[in-house]
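Here is the structure we will look at, set down as structure tokens.
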Amino acid sequence: MGIFDKFLGGDKSNKSVLGIDISSSSIKVVQAKKSKGRGVLETYGELALGPYTGLEMGRATNLGIDKLSEALIDLLKEAKTTTKEAGVAIPISSSLVNIIKMPNVGEARMKEMIPIEMRKYIPVPVSEVVMDWKIIPKSLIKEDQDDDHVEVFVVSIHQETINRYQEIVKRAGLKVSFFEIEVFSTIRSVIEDSRNPSMIIDFGAGTTKAYIIDDGIVRDSHIINRGSQDINQSLSRSMGLTLKKAEEIKREQGLSIDPKNANNYKISSLVVENILREAGQVLINFEKKFNKIVEKTYLSGGGSLLKGFPEIAKKIIDSEVIIGNPFGKLQYPAFLDNTLKEAGPEFAVSVGVLLRKLEEE
């Protein structure tokens, strides 16, 4: 997609590079270098942010620059990274993604008109926003679309947000050549063929994101304000457990059916089923609106690693459900294959950022 290409440039020498994902519950980092045209994995790591604010692992946080910088520095040391060259993902919750209808007046005139039109959607002055846009090809638009208008895909992000992330990576001593909204990173790392409509369900700690992708264009994005930590809260309330103990049960038992723990399964699965039904409605709405079939749904995010999650998704989502395998786009030792396939969904964003950074090389 190349979102924000024009705002930040980068060094293009051949060297090891980093992909970094700073989410509400953890920071993920992946390092690789290019060899014979393909990325070779060198190291990767994850650090939970909950303990930095006195919360349990897996909990969503709202840390300031100081704590996030500290956590990033700690992770870089833990993962034994050896380079400062990086790209960074920004949460979609910190951005606005819109599809707007505009007169077909040519790109030069469009450049002047789009910021004016976007005033309807942006709650701050347009001068304080970094914006990028792309005209959606006619082939992706409904047949009744007239030739006098075009649909434009617009991405906007507050300059203050970019400044915040720049300060975090600066304190960590990193040289960052771009910031990119996480959905584009995930598309790059998990979708096998972006030409046909597909859905991504990113099951995180505090939120779940559902994206519909058609020929590389984000046709719909929907944020569900529930995630894997809601399982902990439901277990805690229903069984009188501490959140820490509920987290332990969730990680150990997941969503697998076990006669000995039938009550735990019922509580946990109900949370997940409700979230997946809401995500599935996004798919249904797209298919009705555009008369297209979404054949594949890709799972990403740490929550999708829970035992039994893919099985529940396959029952609820009306398409082929595929567990994201972002590390499959990198080379690595064969003995890591099972480990990286199991960890893959959690690193979808960081690997996607890394792949773009490798393209700069």
Checklist entry - Taking the highest mean first, how do the peptides 105-116, 227-238 order by number of other beta carbon atoms within 10 angstrom per residue? => result 227-238, 105-116
Checklist entry - What shape does segment 229-354 take by its C-alpha gyration tensor, where a ≥ b ≥ c are the square roots of the eigenvalues and a/c under 1.5 counts as rounded, a/b above b/c as prolate, and the rest as oblate? => result oblate
Checklist entry - Rounded if a/c is under 1.5, else prolate if a/b is larger than b/c, else oblate: which is segment 161-228, with a ≥ b ≥ c the root eigenvalues of its Cα gyration tensor? => result oblate
Next on the checklist: Can you tell me what share of the DSSP beta bridges in the chain is antiparallel? A percent to the nearest 5 is fine.
Outcome noted: 70
Next on the checklist: Please compare each pair in K67/K314; K101/K329; K250/K341; K28/K288; K33/K111; K67/K245 to a cut-off of 32 Å on the Cα-Cα distance and tell me which ones are over it.
Outcome noted: K67/K314; K101/K329; K28/K288; K33/K111
Item to check | R0 of 25 Å, Cβ-Cβ distance S127-E361: FRET efficiency to nearest 0.05 | outcome: 0.15
Item to check | Rg in Å to one decimal, and Dmax rounded to a whole Å, for segment 91-202 via C-alpha atoms | outcome: 16.4, 52
Item to check | Label point at N263 placed 7 Å out along Cα→Cβ; residues across segment 219-240 whose backbone nitrogen lies under 14 Å | outcome: 235-240
Checklist entry - Given R₀ = 30 Å, FRET efficiency for K15-M113 by Cβ-Cβ distance, to 0.05? => result 0.15
Checklist entry - How long is the gain from H149 to I293 if the chain were fully straight, where each residue apart is worth 0.36 nm and the alpha carbon distance is subtracted? => result 49.3 nm
Checklist entry - To the nearest 20 debye, what is the magnitude of the charge dipole of the chain about its Cα centre, counting +1 on the Cβ of each Lys and Arg and -1 on the Cβ of each Asp and Glu? => result 640
Checklist entry - Taking the highest mean first, how do the peptides 24-31, 209-216, 80-87 order by number of other beta carbon atoms within 10 angstrom per residue? => result 24-31, 209-216, 80-87
Checklist outcome for this item: Highest mean packing first, using Cβ neighbours within 10 angstrom, the peptides 322-328, 52-58, 41-47 sort as 322-328, 41-47, 52-58
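Read the figures in this text as sums done on the coordinates, not as results from a lab. Just so it is clear, the structure is predicted and the values come from calculations on it, not from any experiment. As a convention, Cβ positions derive from the backbone with ideal geometry for all residues, glycine included, and neighbour counts pool all protein chains shown.
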